[in-house]
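> The structure under discussion is supplied below as structure tokens; questions concerning it will follow.
The values are calculated or read from the model by the stated rules, or taken from the named source; none is laboratory data. The shown structure was predicted, so the numbers you read here are calculated from the model rather than taken from an experiment. Note that we place each Cβ from the backbone using ideal geometry, even for glycine, and neighbour counts take in every protein chain shown. Calculation scope for accessible area: heavy atoms of the full protein, side chains included, ligands and nucleic acids excluded. Shrake-Rupley method; radii C 1.70, N 1.55, O 1.52, S 1.80 Å.
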Amino acid sequence: MQYTKLGKSGMKVSRLCLGTMNFGERTDEKEAFPIMDTALDAGINFFDTANVYGGRENSGLTESIIGRWFKQGGGRREKVVLATKVYGAMNDRLDGPNDERALSAYKIRRHLEGSLRRLQTDHIELYQMHHVDRSVSWDELWGAFELAVSQGKVGYVGSSNFAGWDIAVAQSEAKGRGFLGLVSEQHKYSLTCRLPELEVLPASQSLGLGVIPWSPLDGGLLSRNALKKIAGSRSGGNAERVERHQDQLEQFSKLCLELGEPQDNVALAWLLANPAVAAPIIGPRSLEQIESSLRSLEVALDDSVMAQLDEIFPGPGGAAPKAYAW
């Protein structure tokens, strides 16, 4: 396994992050436990979840599954860099109007306690804002996170789905308070979704955030099964998108065939080659999928292959404003 420091923090994480969104909804607890064991045995120490994962009527279930896995002992909790998120609404509605999709010091405190309880731990290494909430002041947000850090309940703070300018404002406000600020940004980024290259990736690199790409295979569009349209595969339900991108996907499939590597691993290897990227999130639903994803760490893409991928999946042309201004 390869490791890297997460942004400007001193904390090292594996170059692949285990995403757990499927646990409880598509992958039951009996299947989830061996997936987590396999990840840990392979050296994946970075696990990502969120308080709302588990399904619309079962928010919190995924964290509870992870908590029960930790409870088995064997040093599981001590070996994991644990990341979860706050922002969404929980189905129990215990917080009434304060439980809607938003952020506040009130919500951060209460939802953090709920996550710690479900995860059966007394601390979370990376606590992430699941989405930006521009209606709340950074004085309020940083005050809440500073308290959680000082209490030892949170190690570092991260963001998710932030724009480049949101990251800049957050870091400026944190610096003014003498606080470390954000160390990561979890963002949708893949060969088929390259807009983050305009603002988010450059801002993250400049301001000390490691980028954690979510949906690195674009919901299965970049998987080896996308063109096969196999029922039950990760591309299931993607038929219209596959048809829309069929020419690109056929070119991509041909290139991967020439490389002797499946599309999944080439798509992940392309992300891993970007210096702004800390760890793409893989969300396996089976042992076979996680074992296959590990191969991406060994795939080396030379300049010629990277150029061909740029031709197949054109990006925005670089960072703003050079990408579009004279």
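> Near Ser64, within a Cβ-to-Cβ distance under 12 Å, what is the net charge of the other residues, with Lys and Arg +1 and Asp and Glu -1?
Residues close to Ser64 contribute a combined charge of +2.
> Looking only at segment 177-221, which residues have a backbone nitrogen under 18 Å from a spot 7 Å from the Cα of Gln289 in the C-beta direction?
Of the residues in segment 177-221, 188-191, 213-221 have backbone N under 18 Å from the label point off Gln289.
> Report the local net charge at Trp142: Lys and Arg +1, Asp and Glu -1, summed over other residues whose C-beta lies under 9 Å from its C-beta.
Numbers: positive: Arg177; negative: Asp139, Glu140, Glu146, Glu173.
Charge balance near Trp142 sits at -3.
> Keeping the other protein chains in place, figure out the carbon and sulfur percent of the accessible area of the chain, with a 1.4 Å probe.
Percent of accessible area from carbon and sulfur atoms in the chain: 49.
> A further question follows. Semi-axes of the chain's equivalent ellipsoid from the Cα gyration tensor, sqrt of 5 times each eigenvalue, largest first, rounded to whole Å?
31, 24, 18
> Right, next: For Asp247 and Glu298 in one chain, what is 0.36 nm times their gap in residues minus the Cα-Cα distance, to one decimal in nm?
Stretched fully, the Asp247-Glu298 segment lengthens by 15.6 nm.
> OK, next. Given Gln128, Pro314, Asn265, which one lies farthest toward the positive end of the charge dipole of the chain, if we put +1 on the Cβ of every Lys and Arg and -1 on the Cβ of every Asp and Glu?
Selected residue: Gln128.
> With the crude spin-label approximation of a point 7 Å out along Cα→Cβ, what separation in nm comes out for Asp28 versus Asp92?
2.4 nm
> Here's another thing I want to ask about it. Could you tell me, in Å, what Rg and Dmax come out for the Cα atoms of segment 243-326?
Here Rg and the maximum Cα pair distance are 14.4, 50 Å.
> Right, next: Reachable lysines from Lys254, Cα under 24 Å, same-chain residues fewer than 8 places away excluded?
Straight-distance partners of Lys254: Lys228, Lys229.
> Still on this structure, please answer the following. Which log10 I(q)/I(0) values, to two decimals, does segment 4-140 give at q = 0.13, 0.18, 0.21 Å⁻¹ under the Debye formula with one point per Cα?
Result of the Debye calculation: -0.56, -1.03, -1.31.
> A further question on this structure: Could you compute the net charge surrounding Glu298? Neighbours are other residues with a C-beta less than 15 Å from the C-beta of Glu298; K and R count +1, D and E count -1.
Taking every Cβ under 15 Å from that of Glu298, the sum is -2.
> Now for a separate question. Let me spell out the model: positive unit charges on the Cβ of Lys and Arg, negative unit charges on the Cβ of Asp and Glu, origin at the Cα centre of segment 136-255. What dipole size does that give, in debye rounded to 20? The partial results should precede the final answer.
On the way: 12 positive and 13 negative charges, 122 e Å.
In debye, rounded to 20, segment 136-255 gives about 580.
> Where the centre of each part is set by its Cα atoms, how far does segment 133-157 sit from segment 166-211, in angstrom?
Answer, in whole Å: 17.
> Counting only residues 5 or more places away or on other chains, whose amide H sits under 5 Å from the amide H of Gly208 once H atoms are built in the peptide plane?
Here the answer is none, since no amide H 5 or more places off falls under 5 Å of that of Gly208.
> If you look at just the Cα atoms of segment 8-86, how large are its Rg and its Dmax in Å?
Here Rg and the maximum Cα pair distance are 12.2, 38 Å.
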